[in-house]
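Here the structure is laid out as structure tokens; the discussion comes afterwards.
Read-outs throughout are calculated quantities, based only on the coordinates presented, and are distinct from any laboratory measurement. Since the structure is predicted, the reported quantities are computational estimates derived from the model, not experimental observations. Cβ placement follows ideal geometry from the backbone for every residue including glycine, while neighbour counts extend to all protein chains displayed.
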Amino acid sequence: MAKLRSKYVTFDCYGTLTNYDMAGAARRVYGERLSPEAMASFVEAFRGYRLDEVLGAWKPLADVVHNSVERSCKRIGIRFDAEDAQRIYDEVPSWGPHPDVPAGLARVAKDIPLVILSNAMNDVIMSNVEKLGAPVHMVITAEEVGAYKPLMKGFEYMLDKLGVGPEEITHVSSSFRYDLMPAYDLGIKNKVWVNRGHEPANPFYEYTEIKGIGELPAALGLEPAPQQA
């Protein structure tokens, strides 16, 4: 595995570091109302509509969730209630990291500043970041940028704010569609894909694959994080 050297390691947060459990939240709201087959269809529709919603003009994340739930309900033929969408969104600040995150992230932070570029709201993201177990140098939200990933504006904003070029960072994400594809198009050569099973591998985008953040220190040429008991 090639060792990546960078001034900053930049991260997607939701899904990559934080266990962003939108599917679980949808099941907790709708699971008793839908058959297993209909629930699976709802979760898949909800996933796709969230991506579609962030590709337009910027709107608050609560509106992204609201619209995505409403469109999913219409697609599978059930009544939409705005309170159900709000219940799903209200779970977001309670979600913590994947188990592999704290030790690996803390190890990297000892040597390289950590930066988060997240499709998040300013008043919510710090609740998630505080649970990560490592100091974060900078957090940039979609609200601050005025655009969601996979639009490139957030990456460009981040590079300008850090005062670096695309060759001076390593970007880490579990998603090609939201992060690694636009990072590739912007000339960010050092990319790490955390394979959490969200999406299939796509070697065209020239990344280092890891199974969890515990493997990130080695990918960066650092001593590994201590093994968890």
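When the charge dipole of the stretch 1-76 is built from unit charges on Cβ atoms (+1 for Lys and Arg, -1 for Asp and Glu) and taken about the Cα centre, the candidate among Tyr30, Val43, Thr16 whose Cα reaches farthest toward its positive end is Thr16. For Gln86 and Asn195, the FRET efficiency from 1/(1 + (r/R0)^6), where r spans their Cβ atoms and R0 equals 41 Å, is about 0.80. Placing unit charges on C-beta atoms (Lys and Arg positive, Asp and Glu negative, everything else neutral), compute the dipole magnitude of the chain about its Cα centre in debye, rounded to 20. Dipole size: approximately 280 debye.
Please list, by residue number, every one of the trypsin sites (Lys or Arg not before Pro) in the stretch 74-144 that is coil in DSSP and has at most 14 other beta-carbon atoms within 10 Å. Numbers along the way, then the final one.
Numbers: sites: Lys74, Arg75, Arg79, Arg87, Arg107, Lys110, Lys131; in loops: Arg79, Lys110, Lys131.
Loop-located and lightly packed - Arg79, Lys110.
Between Ala57 and His137, full extension at 0.36 nm per residue minus the direct alpha carbon distance yields a gain of 26.0 nm. Amide H to amide H, with H built 1.01 Å from N, Val172 comes under 5 Å of Thr10, Phe11, Asp12, Val192, counting only residues 5 or more places away or on other chains.
By the rule of a C-alpha distance below 20 Å, with chain neighbours fewer than 8 residues away ignored, the lysines paired with Lys131 are Lys110.
Mind checking which helices in the chain clear 24 Å along their axis (Cα) and have mean Kyte-Doolittle hydropathy of -1.0 or more, DSSP H runs only? List each step's numbers first, then the result.
Details: long enough: 36-54 (28 Å, -0.11).
Span-like helices here: 36-54.
Only helices enter this figure: runs of n ≥ 4 DSSP H residues, each worth -39500 (n - 2.57), summed and divided by the residues of the chain, yield -11500 deg cm²/dmol at 222 nm to the nearest 500.
At 4 °C and a viscosity of 1.567 mPa s, what translational diffusion coefficient does Stokes-Einstein give for the stretch 22-90, taking Rh as the Kirkwood radius over Cα pairs? Give it in µm²/s as a whole number. Please list the in-between numbers first.
Numbers: Rh = 11.8 Å.
Answer from the Stokes-Einstein relation: 110 µm²/s.
Evaluate 2.2 N^0.38 Å with N set to the residue count of the chain, then give the Cα radius of gyration divided by it. Before the final figure, lay out the partial values.
Values: Rg = 17.7 Å, N = 229, 2.2 N^0.38 = 17.3 Å.
Normalised by 2.2 N^0.38 Å, the Cα Rg of the chain equals 1.02.
Any idea what the dipole of the stretch 22-90 comes to, in debye rounded to 20, about its Cα centre with Lys/Arg Cβ at +1 and Asp/Glu Cβ at -1?
Values: 11 positive and 11 negative charges, 21 e Å.
With Lys and Arg at +1 and Asp and Glu at -1, about 100 debye.
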